[in-house]
1. Could you put THR5, THR181 in order, starting from the residue whose Cβ has the fewest other Cβ atoms within 10 Å?
2. Net charge near GLU88, counting Lys/Arg +1 and Asp/Glu -1 over other residues with Cβ under 15 Å of its Cβ?
3. Could you derive backbone 3J(HN,Hα) for region 96-104 from the dihedral phi with the Karplus parameters 6.51, -1.76 and 1.60 (θ = phi - 60°), listing whole Hz in sequence and x where the residue is Gly or Pro?
4. If we count other beta carbons within 10 Å of each Cβ, what is the order of THR310, THR148, THR469, fewest first?
5. What are the residues whose amide H is under 5 Å from the amide H of GLY507, where those residues sit 5 or more places off or on another chain and H is modelled from the backbone?
6. Check each of the chymotrypsin sites (Phe, Trp or Tyr not before Pro) in region 451-527 and keep only those in coil by DSSP with at most 11 other C-beta atoms within 10 angstrom; list them in order.
7. Quick one: longest stretch of the chain between exposed loop GluC sites (Glu not before Pro), exposed meaning at most 15 other C-beta atoms within 10 Å and loop per DSSP?
8. Just to check I understand the Karplus step: with θ = phi - 60° and J = 6.51 cos²θ - 1.76 cosθ + 1.60, what whole-Hz values come out for region 27-34, glycine and proline as x?
Amino acid sequence: MPLRTFLDEFKSYEEAREKFKWSDRWKVFDGNKDNFNIAHECVDRHPKEDVAIRIKFAEDKREEIYTFKEFSEATSQLANFLAGRGIEKGDRVALLLHPRFEFYVGMFGIFKRGAVVIPCSPLFGPEAVAYRLEKGEAKAIITTKDKTDLIPEETRKKLNLQIIYADNLLDEISKESTEFTPNTTANDMAMYQFSSGTTGAPKIVNYRHGAITVAAPFVRFAVGITADDNYFCPSSPAWGHGIWYGTIAPLIFGVAIGAYSGKFDPDICLEALQNFEITNISAIASHYRLMVTSPNVDNYKLKLKKLTYTGEAMPKDVIELIQKKWGVTPYVLYGTTEVGPLTCDFAGFENWKPKPGSLGKPSIGSDVEVIDEEGNICPPGKVGQMAIKRGDKWIRVGDLVYKDEEGYFWYVGRADDVIISAGYTIGPIEVEEALMKHPSVQECAVVGSPDKERGNIVKAFIKVKDGYTPSPELAEEIKEFVKDKLSKHEYPREIEFIDELPKTPDGKIRRKVLREMEVERKKKMGVI
C-alpha cells in the first residue's frame, strides 16, 4: 500500500501556510540528515508487490509494468556493477536514454551507489552532450549503441569515459547481488541537472540527496499526489519536470511512475491514460492542448481527477475545453530550475479555489512577492518582477507578474520578452492567446521587432494547421481577427509563417531566438 504521511493531515492552504514547518518534512522519510539516500526512500522501502513503474512506448504502443521488487533488486545490482567498474562515491555518471526500465534502474542505481547522475536528453546533438559531459566531468555514461555517435571521440578521450550500454544492461548485471546498502548523507551530491539554456549557456544546478525532502510537501500539496492515485507524467526525465514531477516525486510516496517514451503523440498518450486508469496527471501545457484537441479525444474513457500543468501559460480556451471534455480544472505549477517552486494552485486541498489563467499563490513555506526596480514590494495590480526571498535577500527570476487583491499572481511575460511599442507595454502571452483562437493557427510566438517609428512593433511567428496555406491574405485575416479582440496597439503588425518554432528540448518556445533573428534582419535593412 502506498505511503500515507503527516502531510495528509493538512486540509487547506491556509492551514498549511500557518502550521507546516520545514523541520517536520523529515517525518515523511526513513532516513535522517546523517543517513539518507534517494534510492532507499523512493524504491527500497515500499511494498515489494506494489507497482513501481508504468511505461507507454510511442514506437509500438506497448506497455511495460514493473514492481518495486523488480526495481529495487535491479538498482542494487547496478550499484554493485558500478562499484565493480570503479565508479566511486561522488563520481559522475551520465544517462543518455529515453524512458525505459534501464533508465530508471540507471538513475536510482547511481543514486544508490552514491554517485552523481547527469541527465542528458537523447534529442541533443553532439555539442550539447559533450558540453554536459565535460562540464560535469563525467566518469561514465549509460546509453544505447545507436546513440554513441552523440558522444564526440574527443570528449571520450578527454574524460577517459566509460560507456555502459543499456541494450544488454539487465543481462550484464544479472549476476550481481540484489542487496546493496547505500552509504550517503542528505548533504551528499546526487544530481547535476542542467537548466534548459533559454537565456544563455545551460547552467549546472546541484541537487543533494536531501533535496527530495523539500520536494515532498510541494508535490503533496500542489500536485496532490496521494496514496490512492494512479499517476502519469509524459515529460522527458532528462528535464526538471520529468525528473522531479515525473520520476522522483511519486516514488517518495510509493506511487508508481507513469511515463511516456518516444515522440509525443496525443492519441497514444490518451490511450495510456485510459489503459493505466490514470487519476492524476502532470504535463506541460502544450501536451494538454494536443490531447484535448485531438479528433479522437472523445473515444477514450478517462478517470482524471487532478490535472496540473507547467512549462508555458495555458490559453483560456484550452482550459475551458479541458473543463468541458474531462470535467477537470487544470491547476498551474510555476517555478524555475534554479530556485524551484514559486507559485501554484493546490490540487492537494479540496477547498482550493483556482483562478484559471493565474499562477496561483505562493507555495507552502515560500516567501514570494512582486518587486519593483528599486526592490520594493509592489501593491496589488502593479506589474513587477517575481522574486523569492532567500535569507534577507530577494532573488528575481526574470518574469514580470502582478498580484491581485486576493493574493493570486498573474503572468505578464519574461522581462526580456515584454514589448515596448510607441510607449505601450505589451505582454506576448495575451497576443498569443488571441492568435490561438483563429482556426488556422497551430502554434505561435510573439516578439518585438525593431521599428524606427514605434521602437518595436508586435510580430507573430505562426505555424498553421494542416489544411491551411500560408499567404498574405491569411496574414491580413489573422491581423484583423486579433485587432477585433485586443486593443489596436496590441495586434501583430507583422506576421511570418514558419514551419517549426524554435524550442528547448523540454518544449518551451525560445522567443529569444526569434527576437535575435529579427534584430539581425532589421540591422541588414538599416532599421537599426
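Since every read-out is calculated from the coordinates, none of them should be taken as a lab result. Owing to the predicted nature of the structure, the values given are computational and were not obtained by experimental measurement. Don't worry about glycine lacking a Cβ; one is built from the backbone with ideal geometry, like all the others, and counts go over all protein chains shown.
1. Numbers: THR5 16, THR181 10.
Ranked by crowding around the Cβ, least crowded first: THR181, THR5.
2. +3
3. With the stated coefficients, region 96-104 comes to 10, 8, 6, x, 6, 4, 5, 5, 5 Hz.
4. With the sparsest Cβ surroundings first, the list reads THR469, THR148, THR310.
5. The answer is none.
6. Hits after loop and neighbour filter: nothing returned.
7. Segment 180-276 is the longest.
8. Per residue, the Karplus-derived 3J(HN,Hα) values read 4, 6, 10, 6, x, 9, 4, 8 Hz.
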